[in-house]
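In what follows, a structure is listed as structure tokens, so that the remarks can point back to it.
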Amino acid sequence: MAGLTYDIDLEPENGEPFSVRVDQRDIAAWELEPFGAPVVEHRAKIYTFTRYLAWHALRRTGKTKKSFGNWSDEIVHAEIRDDEPEGTGDPGQTVPSAVTS
């Protein structure tokens, strides 16, 4: 999560799926909303968080002029993309333990 940027995949009710990149500007806007929360607590409202970030990035870049509620009503699915290739996560214990039994 270097630089706090995310790609969010979106599936509108009528139209082709597309993606949007969100960044700290969108996260900061989320934290300031009355329904928002600190980013470290975003999982408590994960669906609203994901949709809001995508909408805010699209509005910020001039790709939508719709209100959040109207735009969100048209989105069937919104998901933060996990681009980490398999096998690149925590490798676990990579060397034998020095502890003997």
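Odds and ends about this structure:
- Evaluating residue 37 against the criteria (1) assigned to a helix (DSSP H, G or I); (2) of a type outside the set (Phe, Trp, Tyr); (3) surrounded by 14 or more Cβ atoms within 10 Å (Cβ to Cβ) leaves one unmet condition, (1).
- Scoring residue 83 on the criteria (1) touching a strand residue (DSSP E or B) at 6+ places or on another chain (Cβ under 6 Å); (2) assigned to a loop (DSSP other than H, G, I, E, B) leaves a single failure, condition (1).
- Every listed requirement among (1) at pLDDT below 90; (2) part of a strand (DSSP E or B); (3) of a type in the set (S, T, N, Q) is met by residue 101 save one, (2).
- Given (1) within 10 Å of the chain's Cα centre (by Cα); (2) surrounded by 14 or more Cβ atoms within 10 Å (Cβ to Cβ); (3) not polar (S, T, N, Q), index of the condition residue 60 fails: (1)
- Figure legend. Inter-residue proximity from region 7-20: first residues of a type in the set (S, T, N, Q), second residues modelled with pLDDT of 95 or more and not in a loop (DSSP other than H, G, I, E, B), beta-carbon distance below 8 Å, spacing 6+ or different chains. Indicated pairs: 19/7; 19/8; 19/9; 19/10.
- Residue among 8, 27 that alone is among the β-branched types (Val, Ile, Thr), surrounded by 11 or more Cβ atoms within 10 Å (Cβ to Cβ) and in a helix (DSSP H, G or I): 27
The values are calculated or read from the model by the stated rules, or taken from the named source; none is laboratory data. None of these values were measured; they are calculated from a predicted model. Here Cβ is always computed from backbone atoms with ideal geometry, including for glycine, and neighbour counts include all displayed protein chains.
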